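Here's the structure we're looking at; comments come further down.
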Amino acid sequence: MRTSISLWLAPLGLSAVLSSACVTQSTFDALKTERDALDATLGEKNAALAAQEATLKRRDTRIVELERALDEEKDKAKELGARIDRLVGDLAALTRDKSKLQGSVEEMTIALADLEKRRAEAEARVQEFRNLLSKFRALIDAGKLKVRIVDGRMVVVLATDVLFGSGSASLSKDGKAAIVEVAGVLSGIPKRAFQIEGHTDAVPIATAQFPSNWELASARAITVTKTMVEAGLPGERVSAASFADKKPVASNDTGEGKALNRRIEITIVPDLSTLPGFEELKKLDGSGR
């Protein structure tokens, strides 16, 4: 623009000078001064325009930089959002795992408490058996009885050959003394019930008093039961049962085996309240007792 204005003024001034010799020096100087002023103004405007163009260029450059920075921040925000989503997912999974773990810990705690209870109950039963052996030690050492575990129950075994004569349900003198002694020991075991079981060998009996081994085994069990009650054992804690020859502990093919099968067994009735599942059993029977 500055160049175009100068080119326009130059021919004008030159034409004025050439066209008329009447133009005075003062007029020429005035025109020249005016042209110089216009050139100066144009220079200032061109400088201002250049400055504005430089400013706009810097602004454009800054805008590009800011847009690039904004895009980078958007990418970072997107990545951060994805990371937050993963962390939220991980936290949810950890919360679920924690809940499961807490549930497992509670189950294990309950299971351990149940195992500890059962261990204590088992130790109590073992100790009870040891105490029973201790109480009967003198009779065991004298060969009058044995103490065994049969089908998970503690059983006192007495040979009927020591207690009764052959085919008889009447206690001998020594047999009665042994039963009275046993009754005294059993009376010292609180809160337990006892079942007196009669067993015979396989040799059949058929008399008016005992038509079969069932009656003989039953009569012997009842005799022992009555004798124990007379010796002070509470009647509500003792009962009688007959198994005849149906539960042998040895072969009936030998004399020794038959002797072992002819026996009185005093079973200590288990206390079901100490056994696992007792509470469930109470619920099933409907009584709750």
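Computed from the coordinates by the stated procedures, all read-outs in this text should not be read as laboratory data. Remember, predicted model here, so these are calculated numbers, not experimental data. Cβ atoms come from the backbone with ideal geometry, glycine included; neighbour counts cover every protein chain shown.
Observations
- Inter-centroid distance (Cα atoms) of region 213-271 relative to region 118-166, Å: 14 Å
- Projecting the Cα atoms of LEU171, SER187, VAL156 onto the charge dipole of region 136-279 (Cβ charges, centred on the Cα centre) puts SER187 farthest toward the positive pole.
- Dividing the summed -39500 (n - 2.57) terms of all DSSP H runs of n ≥ 4 by the residue count of the chain sets its mean residue ellipticity at 222 nm at -22500 deg cm²/dmol.
- Integer Hz, Karplus 6.51/-1.76/1.60 couplings in order for region 107-113, x for Gly and Pro: 5, 5, 4, 5, 5, 5, 5
- Charge dipole (debye, nearest 20) of region 61-133; +1 at Cβ of Lys and Arg, -1 at Cβ of Asp and Glu: 240 debye
- Averaged over residues, the count of other Cβ atoms within 10 Å places the peptides 133-142, 153-162 in the sequence 153-162, 133-142, highest first.
- When peptides 207-215, 38-46 are ranked by their average number of other Cβ atoms within 10 Å per residue, the highest-first order is 207-215, 38-46.
- When the alpha carbon coordinates of the chain are projected onto the principal axes, the ranges are 186, 39, 36 Å, largest first.
- When peptides 187-198, 49-60, 217-228 are ranked by their average number of other Cβ atoms within 10 Å per residue, the highest-first order is 217-228, 187-198, 49-60.
- A simple count of charges around LYS258, restricted to other residues whose Cβ falls under 13 Å of its Cβ and scoring Lys, Arg +1 and Asp, Glu -1, yields -3.
- Phi to ³J(HN,Hα) by Karplus 6.51 cos²θ - 1.76 cosθ + 1.60 over region 236-245, Hz, x for Gly, Pro: 6, 9, 9, 9, 10, 8, 10, 10, 6, 9
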